[in-house]
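All remarks here apply to the structure that follows.
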């Protein structure tokens with residue numbers, strides 16, 4: 001059955017570096033976070049995902065970006081809504097994954113252009129120094145299609 005996936009993601013920038021998650025097998029990067037569960041607040045989903053994936057607690061701030069996109073994998077078609085929240089780490093230690101299929105990495109903002117960072121709308125927003133004081137909406141799906 002087709003459905004729209006809602007993903008809560010966090011953006012944490014320290015000293016011109018952004019915290020990214022990497023899919024080890026495929027190599028691409030994305031902002032940390034994960035799927036929002038039924039009747040779960042998106043900000044709570046983000047905090048839960050960081051505990052599950054890296055065993056760290058985070059402070060979730062306001063939502064600064066919403067993106068919409070569709071893509072296909074070998075298994076099925078996806079339609080994703082990404083809610084991107086400001087995020088601060090409670091701990092100063094390096095972020096280490098507790099899941100073998102992912103890794104966390106602090107990446108210089110200037111090098112984002114050279115990364116396979118998904119979805120493309122989030123990569124574009126980061127490269128153009130999205131304004132975290134306002135809310136942005138970016139859709140990769142053309143209206144009227």
Could you give every pair whose Cβ atoms fall below 6 Å, whose first residue belongs to region 115-129 and is touching a residue at least 24 places away in the same chain (Cβ under 8 Å) and at negative phi, and whose second residue is assigned to a helix (DSSP H, G or I) and surrounded by 14 or more Cβ atoms within 10 Å (Cβ to Cβ), counting only separations of at least 6 or pairs across chains? 117/123; 126/112
Select from region 105-114 the residues that are out of contact with any helix residue (DSSP H, G or I) (no Cβ under 7 Å at 6 or more places or on another chain), surrounded by fewer than 14 Cβ atoms within 10 Å (Cβ to Cβ) and either within 15 Å of residue 24 (Cβ to Cβ) or touching a residue at least 12 places away in the same chain (Cβ under 8 Å) (or both) and list them in ascending order. 108, 110
Could you give me the residue pairs with C-beta distances under 7 Å whose first residue belongs to region 1-17 and is in contact (Cβ under 8 Å) with a residue 24 or more places away in the chain and on the phi > 0 side of the Ramachandran plot, whose second residue is surrounded by fewer than 12 Cβ atoms within 10 Å (Cβ to Cβ) and assigned to a strand (DSSP E or B) wherever it lies, and which are 6+ apart or on separate chains? 16/108
Which residues, taken from region 110-140, are closer than 20 Å to residue 15 by Cα, at pLDDT below 65 and outside any loop (DSSP other than H, G, I, E, B)? none
Boolean, residue 5 is assigned to a strand (DSSP E or B) and modelled with pLDDT under 95: yes
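The values are calculated or read from the model by the stated rules, or taken from the named source; none is laboratory data. The structure presented is a predicted model; accordingly, all values stated were derived computationally and were not measured. For neighbour counting, all protein chains shown are included, and Cβ atoms are generated from backbone atoms with ideal geometry for every residue, glycine included.
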